[in-house]
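**Student:** Here you go, one structure.
The values are calculated or read from the model by the stated rules, or taken from the named source; none is laboratory data. Computed from a predicted structure; not experimentally measured. Positions of Cβ are generated from backbone atoms using ideal geometry, with glycine treated the same way; all protein chains shown enter the neighbour counts. Each accessible area value is taken on the protein alone, full model and side chains, heavy atoms only, with ligands, DNA and RNA left out. Shrake-Rupley method; radii C 1.70, N 1.55, O 1.52, S 1.80 Å.
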Amino acid sequence: MERVVVIDFETTGLSPAQGDRATEIAAVIVHNGSVLDRYQSLMNAGVSIPSHIQNLTGISSAMVRAAPSAARVMREVFEFVGDLPLVAHNASFDSKFWDAELERLGLHRRQAFACSMLLSRRILPQAPSHKLEALAEFAGLPSKGRFHRALADAEMAASLLLRLEEELGRQFGVHDVSHALLRRIQKAPKQELRRILDELPERTPPTIMSAH
């Protein structure tokens, strides 16, 4: 797989359009099956964190008051990410906060998101749930720390992305996985997925496990 960045936000709520702000971000650069680099920081957006969010994430209002400003953190992570393609688990959520926090600085996203949740629905449809915690358990991924903290979730989503890449090779014989292909897969109707992947010129026959 080409080099990509998996990101995760923790926030005060579900929608920047309703005034919710980011409280923590992590970005994990992944290439050829390995994590190359990481960025993580709490950020102070000048807002209080609701009690139910504090209970979920363990991030308190006092912690973000002591953190660098949201403007400083977003400028740093914007430079860290550069033009690399982006991935997030439930990217419709993270992309909204990425765009909203950058817009406050007069900056704009330069690349598209792929979504590991949508991809898992196509590649691991048998999973009982496609939430990150459930997929990690289903796929037997190693623990990366407390869920609902940005770095742990970003690293877990990165591990999931690598597993999905392996499954594309095992199930469909697809070993040259680009970000563009991931975006094509996540948009594909379930009944069309195998036909789309079978038509790829770089495809090789999938691995067949023989019974003994």
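**Student:** Could you pull the Cα extents of the chain along its three principal axes, largest to smallest, in whole Å?
**Tutor:** 59, 34, 30
**Student:** Taking the Cα centre as origin and putting +1 on Lys and Arg beta-carbons and -1 on Asp and Glu beta-carbons, what dipole magnitude results for segment 4-109, to the nearest 20 debye? Walk me through the intermediate numbers first.
**Tutor:** Values: 8 positive and 12 negative charges, 48 e Å.
Computed charge dipole of segment 4-109: roughly 220 debye.
**Student:** Taking a ≥ b ≥ c as the square roots of the eigenvalues of the Cα gyration tensor of segment 1-99, is the shape rounded (a/c under 1.5), prolate (a/b larger than b/c) or oblate?
**Tutor:** Numbers: a/c = 1.98, a/b = 1.76, b/c = 1.13.
Prolate is the answer for segment 1-99, as a/c is 1.5 or above and a/b outweighs b/c.
**Student:** Now a separate question. Where does the charge balance sit around LEU84 when Lys and Arg score +1, Asp and Glu -1, over other residues with C-beta under 10 Å from its C-beta?
**Tutor:** Working: positive: ARG3, ARG110; negative: GLU2, ASP83.
Computed value for this residue: 0.
**Student:** Moving to a separate point now. Taking the full set of protein chains and a 1.4 angstrom probe, give the accessible area of ASP83 in square angstrom, rounded to the nearest 10.
**Tutor:** 110
**Student:** Kindly provide the helix-only [θ] at 222 nm of the chain, computed as the sum of -39,500 (n - 2.57) over DSSP H runs of four or more divided by all residues, to the nearest 500 deg cm²/dmol?
**Tutor:** Values: 9 runs with 90 residues, N = 212.
Value at 222 nm, helices only: -12500 deg cm²/dmol.
**Student:** Mind ranking PHE78, PHE147 by accessible surface for me, highest first, 1.4 Å probe?
**Tutor:** Result, largest first: PHE147, PHE78.
**Student:** Hey, another quick one. How large a share of the accessible area of the chain, in percent, is made up of carbon and sulfur atoms when the probe is 1.4 Å and the other protein chains stay in place?
**Tutor:** Ligands and nucleic acids excluded, carbon and sulfur give 50 percent.
**Student:** What's the magnitude of the charge dipole for segment 89-166 around its Cα centre, counting Lys and Arg as +1 and Asp and Glu as -1 at the beta-carbon? Answer in Debye, nearest 20. Walk me through the numbers on the way to the answer.
**Tutor:** Working: 11 positive and 10 negative charges, 19 e Å.
Dipole size: approximately 100 debye.
**Student:** Using a simple spin-label model with points 7 Å from Cα along the Cα→Cβ vector, what separation in nm is obtained for PHE147 and ALA188?
**Tutor:** 2.8
**Student:** Residue by residue through segment 46-53, what is 3J(HN,Hα) from phi via Karplus (6.51 cos²θ - 1.76 cosθ + 1.60, θ = phi - 60°)? Round to whole Hz and write x for glycine and proline.
**Tutor:** Each residue's phi maps through the Karplus curve to give x, 10, 8, 9, x, 4, 5, 6 Hz.
**Student:** Which length gain, in nm to one decimal place, applies between ASN90 and ASN55 when the Cα-Cα distance is subtracted from 0.36 nm times their residue separation?
**Tutor:** Values: separation 35, 0.36 × 35 = 12.60 nm, distance 2.11 nm.
Net length gain for the segment: 10.5 nm.
**Student:** Taking the solvent-accessible surface of protein heavy atoms with a 1.4 Å probe, what is the per residue accessible area of segment 91-212 in Å²? Write out the running numbers ahead of the final one.
**Tutor:** Working: 6430 Å² over 122 residues.
Result: 53 Å² per residue.
**Student:** Heads up, I need the accessible area for LYS96: 1.4 angstrom probe, whole protein in place, Å², nearest 10.
**Tutor:** 90
**Student:** Based on Cβ point charges of +1 for Lys and Arg and -1 for Asp and Glu, what charge dipole magnitude is obtained for segment 63-205 about its Cα centre, in debye rounded to the nearest 20?
**Tutor:** Numbers: 22 positive and 19 negative charges, 76 e Å.
Approximately 360 debye in magnitude.
**Student:** Tell me which of PHE80, ALA114, SER178 sits at the most positive position along the dipole axis of the chain, charges placed on C-beta atoms (Lys, Arg +1; Asp, Glu -1).
**Tutor:** ALA114
**Student:** First select every other residue whose beta carbon is under 13 angstrom from the beta carbon of LEU151; then total the charges, Lys and Arg +1, Asp and Glu -1.
**Tutor:** Values: positive: ARG38, LYS144, ARG146, ARG149; negative: ASP8, GLU10, GLU24, ASP37, ASP153, GLU155.
Around LEU151, the surrounding residues sum to -2.
**Student:** Please give me the summed charge of the neighbours of ALA26: other residues whose Cβ is under 11 Å from its Cβ, Lys and Arg +1, Asp and Glu -1.
**Tutor:** Values: positive: ARG38, LYS144, ARG149; negative: ASP8, GLU10, GLU24, ASP94, ASP153, GLU155.
Summing Lys and Arg as +1 and Asp and Glu as -1 gives -3.
**Student:** Under a straight-distance cross-link criterion of Cα-Cα below 28 Å, which lysines are reachable from LYS190, leaving out those fewer than 8 residues away in the same chain?
**Tutor:** Hits, sequence-local ones excluded: LYS96, LYS131.
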